[in-house]
1. So, in segment 18-44, exactly how many residues are of a type in the set (Ser, Thr, Tyr) and open to solvent by less than 30 Å² (accessible area, probe 1.4 Å)?
2. State the number of residues belonging to segment 52-85 that are in a loop (DSSP other than H, G, I, E, B), at pLDDT 90 or above and over 17 Å from the mean Cα position of the chain (by Cα).
3. Just give me the residues in segment 140-168 being among the polar types (S, T, N, Q) and surrounded by 18 or more Cβ atoms within 10 Å (Cβ to Cβ), in sequence order.
4. Output the number of residues of segment 58-97 satisfying the condition of being over 19 Å from Lys147 (Cβ atoms), charged (D, E, K, R) and surrounded by fewer than 17 Cβ atoms within 10 Å (Cβ to Cβ).
5. Does Phe105 fit the bill of being in a strand (DSSP E or B) and modelled with pLDDT under 65?
6. Could you go through segment 129-139 and let me know if any residue there is at pLDDT 90 or above and either open to solvent by 40 Å² or more (accessible area, probe 1.4 Å) or over 20 Å from the mean Cα position of the chain (by Cα) (or both).
7. Take the conditions within 23 Å of Phe59 (Cα to Cα), among the aromatic types (Phe, Trp, Tyr) and at pLDDT 65 or above and apply them to Tyr149. Does it pass?
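The values are calculated or read from the model by the stated rules, or taken from the named source; none is laboratory data. Model, not experiment: these values are computed from the prediction. Cβ atoms come from the backbone with ideal geometry, glycine included; neighbour counts cover every protein chain shown. These accessible areas exclude ligands, DNA and RNA; they are computed on the full protein's heavy atoms, side chains included. Shrake-Rupley method; radii C 1.70, N 1.55, O 1.52, S 1.80 Å.
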Amino acid sequence: MEDFIVIIIGGTMKGENVVKEFQINNLRSLKDTMLQKITPITLLVGENSSGKSTFLRAFPLLKQSISRRTSGPILWAGDADDYVDFGSFDETVINDGSNFISFRFKFDIEELGRFNRFVGKNSHNEDREHHKDEIDYRIYIKSDNGKDYVSRFVLAINNLSYDIDLLEKTAKEKRIQSIAWRQRSAQKNFIYR
């Protein structure tokens, strides 16, 4: 019988803009975690080497990546002051031929005001006074000759989705390959290439 380990994430979720769901693709042993709800008490249960620690270490990995200047989008390894050391992209991407790592976050924020006016919503409507907008953000990271870059990101705000593919021409030159705008309810698409 395999050994099972239970990890409990505890604490209070303060603030309005906390991550409510989280997903990882192709990070070490985690092929696809699917969207996982993050609550004040979250249990991670699984066999040894099934990815529980990798899932937990993804949060400090992202924190150290936004806390310091880096040459790439993720600070995989740093110095002794950093939270975690994953090595490099090539050491971290799952070993099944995958060529990207992605992170996905879902959270709510207070009404976006100006954004809602831009897309034609009346942001002063009384029934929207305490409305929260749902944000769904995905980022895809690739590496080319040891240079990591964001290859794609998707931002969905309520029923609008923006999907931007980036093309890495050289280590110094990046350009947008395509932008897709979709309104989920009406299935309207706009694609720029």
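1. As a first pass, look at segment 18-44 and keep what is of a type in the set (Ser, Thr, Tyr): 29, 33, 39, 42.
The next check asks that each one be open to solvent by less than 30 Å² (accessible area, probe 1.4 Å); those that pass are 33, 42.
Adding up the residues that qualify gives 2.
2. Residues that pass the stated criteria total 2.
3. Ser143, Ser151, Asn158
4. Count: 5.
5. Details: in a strand (DSSP E or B): yes; modelled with pLDDT under 65: no.
Criteria not met by Phe105.
6. yes
7. Yes: the conditions hold for Tyr149.
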